[in-house]
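Just so it is clear, none of the values below were taken in a lab; they were calculated from the coordinates. Because the structure is predicted, anything quoted here is derived from the model rather than measured. Neighbour counts run over all protein chains shown; Cβ positions are idealised from the backbone, glycine included.
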Amino acid sequence: MNLTLHIWRQGGPDQPGRMVRYDVKDVNEHSSFLEMLDVLNQQLIEKGDDPIAFDHDCREGICGSCGFVINGEAHGPLPKTTVCQLHMRHFKSGDTLHLEPWRSRAFPVLKDLMVNRSAFDRIIQAGGYISVSTGSAPEANLTPIPKPLADRAFEAAECIGCGACVAQCPNGAANLFTGAKVAHLNLLPQGQAERETRAVGMVEQMEQEGFGSCSNFAECEAVCPKGISIDNIARMNRDYLKAKLQGVNRLVVVGA
Amino acid sequence: MESPNVSGVLDSKIPAGPLESKWEDHKGHLRLVNPNNKRKFTIIVVGSGLAGASAAASFGELGYKVKCFCFQDSPRRAHSIAAQGGINAAKNYHNDGDSVFRLFYDTVKGGDFRSREANVYRLAEVSVQIIDQCVAQGVPFAREYGGLLDNRSFGGAQVSRTFYARGQTGQQLLLGAYQALCRQIDAGTVTMFPRHEMLDLVVENGRAVGIITRNLVTGALDRHAAHAVVLATGGYSNVYYLSTNAKGSNVTAAWRAHKRGAFFANACYTQIHPTCIPASGDYQSKLTLMSESLRNDGRIWVPKNPDDKRSPDQIPDADRDYYLERKYPSFGNLVPRDVAARNAKSVVDEGKGVGPQKNGVYLDFADSIRRLGRKTIEERYGNLFEMYDKITGENPYVVPMRIYPAPHYTMGGLWVDYNLMSNVPGLFVLGEANFSDHGANRLGASALMQGLADGYFVIPYTIGDYLADFLNAKTPTDTDAFAAAEAEVRAGVDRFLKIQGKRTADSYHRELGRIVWDYCGIARTAEGLRKALELIPALREDFWQNLRIPGGSAAVNQELEKAGRVADYFDLGELMCRDALDREESCGGHLREEYQTPEGEALRNDEKYSYVAAWEHNGAGKAPTLHKEPLAFEAVKLTQRSYK
Ligand SMILES: Cc1cc2nc3c(=O)[nH]c(=O)nc-3n(C[C@H](O)[C@H](O)[C@H](O)COP(=O)(O)OP(=O)(O)OC[C@H]3O[C@@H](n4cnc5c(N)ncnc54)[C@H](O)[C@@H]3O)c2cc1C
Ligand code: FES
């Protein structure tokens, strides 16, 4: 199959970018989208051009490294699929595809399709954990957790932190990402002690990072490769409001 | 090939006393660092996978100052995230006869009696604490309806000791460790350096004192000094180019440490995983594992007639060869990985392979779906089936999966003693990057266990004993050793950029991978290994003449990153072949065709080869020196593995 690609090229964080056209020929339908770009990159290098930079690692849809926008859709047209798991059989010869990096104030572009998502790490650092130092844990089966509850926590915990939710949101909000972690931990009995401080810390960090606010468009849920539900956002909002009403502030953690 | 045995160098530091109390006693005698003094020590942790993240978080909790590095944009993305099947622990929740001893025994036997008893026993011992720790962190393991933790039997084990979180166990465990790490980053004990690649180890007066890194965004080379350096940089399966590892997984950190004096042990012990999706074309960039838990409910077969043109569901039982069930009636589809992989290779080599390229065997769930219902199968393997469908465009609920072996895990790695310290004082190695616990073959669900055991429960104790000597020692970076290491790294980077030849790093990597796969893959022969030892240096020569790296070094340059890794793979590939040639026996994942039982099983030679082969680097172009660490077995009796 033959494709016309228009790809965002940007040399570095402070450089201007632009769309550049590439005609790619004889794409194998069984290759993945990233493998198609690999082939293009090999050709670019052989011609003396600069290959297209994009993040990727596992290529199994689990590490959350990959991600860019294809024709306006984060990770492309296939539901619940990261771009590394998107195969070319879902496109037709003659298609024209526009590839752009995640666009968000909180995710500055580093090069081409590669962005800086460290804001997500800082949100987790603001409370996305259970404080239990190594060696201090009680016997695991002392706390039975009903299976349906454990399953719900698991489904929230499936988030891969790719950033597609932010990229697709008209406001650039990170509520699905943040809500998923708040819900995962706040659902579990182990997470109760820090339930309020967690919600407050993470929500406030999210706001500080420059993400937009959530207007319940639900575009994030539609585009999430793991199908994380927006119910998690509602849960986070409840926990956050409750905590705020009680005057809870972010936990200040000091090192040992 | 010279191979003198320099004695007295390899002290494994295994504590005296009975196996069951070695670790307890040892812990009781290790020197401690006073809590108020811990903040005076800086520890570098390279790697944020299960081993690195758990170690860095635990060090931070104890009060050490930690600098942690990874090459991905976030520590949460380390390759550990991709582990699917589960993690072992001797909890014996199922009352089915499991115990610390049995987990220990299974691991030593599974490793074909090429691992250290004392290390493996400790691993089995701390396994139970790992589960407690992870559950307390909020890791959402699978549960039974009563709310207690669920287990399954996995990878040849005859007890149910594997804890899992659907097919995403690695993800959930890593996120647990990552979150613990994040807590320490917030507390200021750990400074995280994502998108940084370690390119050299700095050794001064015989001790590891720091590293040189390249900032993968700006290209800056930086010096980092510490009282101890911990490598947790993962395995080297990507030497084969096509493997189940993440694309960035590499041997560079370990190899550069090797060049600075750390011994590399058992390089030829690699694990080829039996259940992966076969390659579909020459654009293939990696192979995808289908968790071996699938073998619990899937049946492996090929058509008896290699030219059978019928679709698999139209082939009646009588015309199918369930070759594992036929050859190994008591273990059937659950034989260990190496046995399953070898058998798949031989049926495909016989021309009985299935699929468009005849490069796979069927893994069929039809019987299980009939017996248990589609819903149960979906519960157990839903995400794996989905992944298979995405990649192949085939629905495994209807059409049997096609699978074929692929490089997956490397048991070899940097040599470490019982304290996880390499022969270079101050350099510790954890997780898949070390050689320590799996002998010649790793059992399923035990890598996650080892990574977390090393990071949470071993290194926090053993590192203190080393550090105790260096209270108030300075950690300068303006020394000759740092300057020299940085200059070498800079020269190395410039060398790649100056070649300006015609071929890409990937094209060399593919070709190298093919050589290593053909001659040092599932089965090896002296003749083939000798051939590889000619082919690899010849290709390397060409690489250094004809490589093309676009762009410069002062910005993101992913081709430059690849080139450094491929250069190290050349040297490692060569060492793997030397090591495989030296080991004139078959054991675990190392099958030398010359040494097999009449039944085609790996034939060990305990008298001659019951040792760890630890290789010392002697400089480019010089033969390495082999140091042997003899293995002594007191608690287990060496047997010929049999899975009949
Ligand atoms: C597909 C798959 C499924 C698996 N399933 C299971 C399973 O079910 N059960 C099981 O027990 N095991 C499983 N394994 C094996 C297991 O996942 C790995 O052995 C284990 O996770 C390795 O952990 P680690 O911490 O040692 O290294 P990794 O997780 O590989 O982490 C390496 C870290 O080092 C960093 N790094 C590497 N090089 C450098 C450098 N030069 N500079 C800076 N940083 C560097 C990386 O950024 C990363 O943070 C599986 C493996 C694969 C491939
Ligand atoms: S590369 Fe890991 S999710 Fe796509």
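Give the shape of the protein assembly as shown as rounded, prolate or oblate, defined through the alpha-carbon gyration tensor: a ≥ b ≥ c are the square roots of its eigenvalues, a/c under 1.5 means rounded, and otherwise the shape is prolate if a/b is larger than b/c and oblate if not. Can you show the working numbers first?
Numbers: a/c = 1.15, a/b = 1.07, b/c = 1.07.
Because its axes are fairly even, with a/c under 1.5, the protein assembly as shown counts as rounded.
Hey, what angle do you get for helix B:480-499 against the long axis of chain B, alpha-carbon based, 0 to 90 degrees rounded to 10?
Value to nearest ten degrees: 50.
Count the net charge of all other residues whose Cβ sits under 12 Å from the Cβ of B:N359, scoring Lys and Arg as +1 and Asp and Glu as -1.
Taking every other residue near B:N359 into account, the sum is +3.
How would B:M290, A:M88 line up from fewest to most surrounding beta-carbon atoms within 10 angstrom?
Working: B:M290 28, A:M88 20.
Fewest to most other Cβ atoms nearby, the residues stand as A:M88, B:M290.
Along the charge dipole of chain B, which of B:G210, B:L289, B:L173 sits closest to the positive end, that is, farthest toward it, with unit charges on the beta carbon of Lys, Arg, Asp and Glu (+1, +1, -1, -1)?
Going by the charge dipole, the pick is B:L173.
Using only Cα atoms and rounding to the nearest 10 degrees, what angle (0 to 90) does helix A:147-157 make with the longest principal axis of chain A?
50 degrees
When the helices in the protein assembly as shown are scored as -39500 (n - 2.57) per DSSP H run of 4 or longer and the sum is shared across all residues, what 222 nm value do you end up with, to the nearest 500 deg cm²/dmol? Provide the component values of the computation, followed by the final result.
Details: 26 runs with 314 residues, N = 900.
When only DSSP H runs of four or more count, the value is -11000 deg cm²/dmol.
If you place +1 on the Cβ of every Lys and Arg and -1 on the Cβ of every Asp and Glu, how big does the dipole about the Cα centre of the stretch A:3-111 come out, in debye to the nearest 20?
Once rounded to the nearest 20, the dipole reads 340 debye.
Given a cut-off of 27 Å, name the pairs among B:K327/B:K628; B:K498/B:K531; B:K67/B:K562; B:K247/B:K502; B:K498/B:K622 whose C-alpha atoms lie farther apart than that in the structure shown.
Over 27 Å Cα-Cα: B:K327/B:K628; B:K498/B:K531.
Just rank B:H29, B:H590, fewest to most, by other beta-carbon atoms within 10 angstrom.
Working: B:H29 8, B:H590 30.
Ranked by crowding around the Cβ, least crowded first: B:H29, B:H590.
Regarding the stretch B:250-351, what whole-number volume in Å³ per residue does the convex hull of its Cα atoms give?
So the per-residue hull volume is 158 Å³.
Search the structure for amide H atoms under 5 Å from the amide H of B:L216, placed 1.01 Å from N in the peptide plane, and list their residues when 5 or more places away or on another chain.
Here the answer is B:H196, B:E197, since their amide H atoms fall under 5 Å of that of B:L216.
To the nearest Å, what is the center-to-center distance of the stretch A:177-242 and the stretch B:315-392, using C-alpha atoms only?
That distance is 41 Å.
Neighbour counts of other C-beta atoms within 10 Å: give me B:D96, B:D579, A:D23, B:D454 arranged from fewest to most.
By the 10 Å Cβ count, ascending: A:D23, B:D96, B:D579, B:D454.
How much net charge surrounds B:A447 when only other residues with a Cβ under 14 Å from its Cβ are counted (Lys, Arg +1; Asp, Glu -1)?
Once positives and negatives cancel, what remains is -2.
Under a Cβ-Cβ cut-off of 11 Å, what is the net charge of the residues other than B:S293 that fall near it, where Lys and Arg count +1 and Asp and Glu count -1?
It works out to a net charge of +2.
Quick one: Cα centre-to-centre distance for the stretch B:401-428 and the stretch B:71-91, in angstrom?
Measuring centre to centre over Cα atoms gives 15 Å.
Among B:G47, A:G201, B:A318, which residue has its Cα positioned farthest towards the positive end of the charge dipole of the protein assembly as shown, with +1 placed on the Cβ of Lys and Arg, -1 on the Cβ of Asp and Glu, and the dipole taken about the Cα centre?
Comparing the listed Cα positions along the dipole, A:G201 ranks first.
If you take the Cα Rg of chain B and divide it by 2.2 N^0.38 Å, with N the number of residues, what do you get?
After normalising by residue count via 2.2 N^0.38 Å, the value is 0.92.
Sequence-distant or interchain residues sharing an amide H contact under 5 Å with A:L113, placed H: which?
A:A53
Let me know the Kirkwood hydrodynamic radius for the stretch B:273-407, please, with Cα pairs as the basis and the value in Å to one decimal.
Evaluated over the stretch B:273-407, this radius sits at 14.9 Å.
Kindly state, as a whole number, the per residue volume in cubic angstrom of the convex hull around the alpha carbon atoms of the stretch B:331-480.
Per residue, the Cα convex hull of the stretch B:331-480 comes to 211 Å³.
Measure out, as a whole number of angstrom, how far apart the alpha-carbon centroids of the stretch B:498-551 and the stretch B:237-293 sit.
15 Å
For the cross-link pairs A:K181/A:K226; A:K47/B:K286; A:K226/B:K375; A:K25/A:K92, which exceed 18 Å when the distance is taken from alpha carbon to alpha carbon?
Those over the limit are A:K47/B:K286; A:K226/B:K375.
Would you compute, for the Cα atoms of chain A, the largest minus smallest coordinate along each principal axis and list the three values in descending order, in whole Å?
For chain A, the Cα extents along the three principal axes come out at 60, 39, 37 Å.
Could you tell me which residue out of A:S93, A:I52, A:G17 lies farthest along the dipole of the stretch A:3-111 toward its positive end? Charges go on the beta carbon: Lys and Arg +1, Asp and Glu -1, centred on the Cα centre.
Sorting the options by dipole projection puts first A:G17.
Restricting to Cα atoms and excluding each atom paired with itself, what does the Kirkwood estimate give for the stretch B:100-247 in Å?
For the stretch B:100-247, the Kirkwood estimate is 19.1 Å.
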